[in-house]
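No value in this document is a laboratory result; all are computed from the given coordinates. Only a predicted model underlies this, so the values are computations on that prediction, with no experimental measurement involved. Glycine also receives a Cβ, built like all others from the backbone with ideal geometry; neighbour counts cover every protein chain displayed.
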Amino acid sequence: MSRDFRLLMEHLRDRSAEVELDVPAPQGSGGEATGARLERARQAAIRRGDRVARVYKVVDGRRSQVTDGSGQRPNLMTSVTENECRTLIAAGAKWVGPPEYIPPPKLYIESIRVRDFGCIKEVMFPLTPLHALIGPNDSGKSTLLEAFGVFTTRRADPASEVTVSLGKRAQTYLRGAWIEHSSSVEPKDVLSQNLSPSAPLSGLIAPVRVLRLDPDAMRQPTNLIAQGSPLEYNTRGQGLAAVYDALLSRRIDIFLEISKRFTTLFPTTRSIQLTNPSQTTKALGVELLDGRSVGADQLSEGMLYWLAFAALPYLQPAPLILIEEPENGLHPSRIGDVMRVLRDISKTSQIIVATHHPLVINELQSDEVTILTRTPERGTIATPLASTKNFEQRSKVYALGELWLNYADGEFERDLVADSTIPESVTG
Ligand SMILES: Nc1ncnc2c1ncn2[C@@H]1O[C@H](COP(=O)(O)OP(=O)(O)OP(=O)(O)O)[C@@H](O)[C@H]1O
Ligand SMILES: [Mg+2]
């Protein structure tokens, strides 16, 4: 990651600067030979995907530019990669360079195929930048989320096979190794060519962040995050207090913004507090309107879940985020709030959630939902919501969440997926 990338993302998120992106500018002057050499180096940098970001700080809604005799200069100029450029554009940066060098749209996993993984015999279905898996208990939703984990850990059964396609590129976990190939080629055919195993498509799939938030873990006092280290809490949310402590010292403006929203949503509170159970640890707490303090042990579960999602945009960016039941512990009126945070993050990271909540589904488009069901004979079956029986007519009458609820029986979702309009070969 470029040195200033995180800083640029923070500026864009809190609108404290405008960022313009361009190809590297011609360097200096000099003799003709030097000029030609520098131009060759510049062209090589452009081909490699090197780009520059110019940052203009925004004060009171207006650019605050540094001026010199020859015109206005940005407050900061820094080099970024093409991939980072794409992420910056999605977050609001503007491309001002030659149109032919605009970074192509961000790649995301457009489809997944899983074979012989836990209860899954074979499924294949399309994905979107923000996507939900729904369906009865025990249908294979969590198993499917785990299947993505093969691109991080390589610990799956070697008999399992997982292929993800991103545009024309694909990566397969096969016989315990990763191979990269064209998405139009069958992975086993690639293997017969004796290609050497590759790393997971760096920055596109891995690292995978998994969230299975647990209030007890989020309550625990945690060690401080070292100066300059990225903000992280773990899968269960352990480390949340240290993330808020780092935001307080590094980005007080963001801390105050979250705190303001928090006190509006939880009107008995005056502020988010951080306490020191020991010299090296921090814990979360809140100050109540009457001045009393409440420690982490007494914080409501909904508060902890909300705080974890509010901090998620400021963690170390991950290209793929998998979330188990983001609705857990939240009052229905808070679910939309969390889904808006996830929608925002999905502009730069792909997010896949497993959910049981119709209000989560109400926040999504029809192509962003896949129903998983399971039979003893076929294992897990995937049906895109939009391919279910009479979807066109039903979706005119119901919001998506209600549509699901009205036709699902919680056992096989039979009424919903019966006679779906997709061929068997696609459902697995
Ligand atoms: N190798 C295997 N073969 C067949 N079934 C398996 C295998 N490994 C695990 N299972 C079963 O697959 C099931 C899948 O459950 P999973 O947790 O994926 O469901 P889920 O849709 O997330 O359910 P919930 O909504 O309850 O969270 C488990 O109950 C487990 O018994
Ligand atoms: Mg589950």
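A compact table of results
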{"quantity": "Normalised contact order of the stretch 5-101, rounded percent, pairs of Cα under 8 Å and 6 or more residues apart", "calculated": "37"}
{"quantity": "FRET efficiency, 1/(1 + (r/R0)^6) with R0 22 Å, evaluated for Arg13 and Arg343 via beta carbons", "calculated": "0.95"}
{"quantity": "Charge dipole (the chain, unit charges on Cβ, about Cα centre) - positive-most of Leu416, Ile381, Pro277", "calculated": "Pro277"}
{"quantity": "Coarse-grained scattering of the stretch 5-101 at q = 0.23 Å⁻¹, given as base-10 log I(q)/I(0) from a Debye sum over alpha-carbon atoms", "calculated": "-1.17"}
{"quantity": "His331 versus Ala418: modelled label distance in nm, points set 7 Å from Cα along the beta carbon direction", "calculated": "4.0"}
{"quantity": "Semi-axis lengths, Å, the chain, gyration tensor of Cα atoms, sqrt of 5 times eigenvalues", "calculated": "38, 33, 20"}
{"quantity": "Charge dipole (the stretch 5-101, unit charges on Cβ, about Cα centre) - positive-most of Tyr101, Gly31, Leu88", "calculated": "Leu88"}
{"quantity": "Spatially close lysines, pair count over the chain: Cα under 20 Å, gap of eight or more or interchain", "calculated": "8"}
{"quantity": "Compactness of the stretch 213-314, expressed as Rg and Dmax over alpha-carbon positions, Å", "calculated": "12.4, 36"}
{"quantity": "Potential lengthening between Asn406 and Glu377 on full extension [0.36 nm per residue; Cα-Cα distance subtracted]", "calculated": "7.8 nm"}
{"quantity": "Dipole moment magnitude, nearest 20 debye, the chain about Cα centre, only Lys, Arg, Asp, Glu C-beta charged", "calculated": "1280"}
{"quantity": "Counting DSSP beta bridges with both ends in the chain, the antiparallel % (nearest 5)", "calculated": "75"}
{"quantity": "Debye, to nearest 20: dipole size of the stretch 295-372, +1 on Lys, Arg Cβ, -1 on Asp, Glu Cβ", "calculated": "220"}
{"quantity": "Kirkwood hydrodynamic radius over Cα pairs of the stretch 249-296, then Stokes diffusion coefficient at 37 °C and 0.692 mPa s, in µm²/s", "calculated": "288"}
{"quantity": "Selected from Phe125, Ile225, Gly149, residue furthest toward positive end of dipole (the chain; charges at beta carbon)", "calculated": "Ile225"}
{"quantity": "Cα→Cβ-extended label distance, 7 Å offset, between His356 and Ser278, nm", "calculated": "3.7"}
{"quantity": "Dimensionless Rg ratio for the stretch 136-290, taking C-alpha atoms and the 2.2 N^0.38 Å reference", "calculated": "1.44"}
{"quantity": "Diffusion coefficient, µm² s⁻¹, Stokes-Einstein with Kirkwood Rh over alpha-carbon pairs of the stretch 80-120 at 4 °C and 1.567 mPa s", "calculated": "102"}
{"quantity": "Beta bridges per DSSP with both ends in the stretch 213-314, % antiparallel, nearest 5", "calculated": "100"}
{"quantity": "Estimated FRET transfer efficiency when R0 is 25 angstrom, pair Asp189-Glu82 (beta carbons, to 0.05)", "calculated": "0.25"}
{"quantity": "For the stretch 89-150, the fraction of alpha-carbon pairs in successive 10 Å shells from zero, as %", "calculated": "16, 39, 19, 17, 9, 0"}
{"quantity": "Cβ-placed point charges (K, R +1; D, E -1), dipole of the stretch 5-101 about Cα centre in debye, nearest 20", "calculated": "120"}
{"quantity": "By average C-beta atoms within 10 angstrom, highest first, the peptides 207-219, 225-237", "calculated": "207-219, 225-237"}
